[in-house]
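For reference, the structure discussed in these notes is given below.
Every read-out reported here was derived from the displayed coordinates using simple, explicitly stated rules and does not represent laboratory data. Owing to the predicted nature of the structure, the values given are computational and were not obtained by experimental measurement. Please note: Cβ atoms are built from the backbone with ideal geometry, for glycine as well, and neighbour counts cover all protein chains shown.
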Amino acid sequence: MSRMMDVREAIATAKRWTADLRADEDPHRVGLEEVRTNDETRSITVGFPRPWDEPWAGPGALARERNLDRTCKVVTIDERTGGVPSSENRDARGCVRQSRFSAPTSSFS
């Protein structure tokens, strides 16, 4: 019986595979969004900003304002081989979209 891939190994593989595949875009902040498993594969959803998601901080721009939109990909990993047979886009509604501001605001009464 073959050993199942540890979930941490699968996550690291998905993040590394995504970063390597998009090396020309200088990917950074590749992060885990979710993990799904079945008997044969692990589906690891990773999110990362694309170059066009990054804001242009020109004159007059708010220093705290950030565009934190992320692209999400579902990377399928074969449990037996550790290989990546497929990757697909995750609908933006299924990917975490963070606030456009780096810190939440509070109201006091």
For the peptides 80-89, 36-45, what is the packing order when you average, over each peptide's residues, the other Cβ atoms within 10 Å and list the highest mean first?
-> 36-45, 80-89
So, relative contact order of the range 11-51 in percent, Cα under 8 Å, 6 or more apart, is 38
Segments 24-30, 7-13 sorted - mean Cβ within 10 Å per residue, highest first = 7-13, 24-30
Simple spin-label estimate for Glu25/Asp78, 7 Å along Cα→Cβ, in nm, reads 2.5
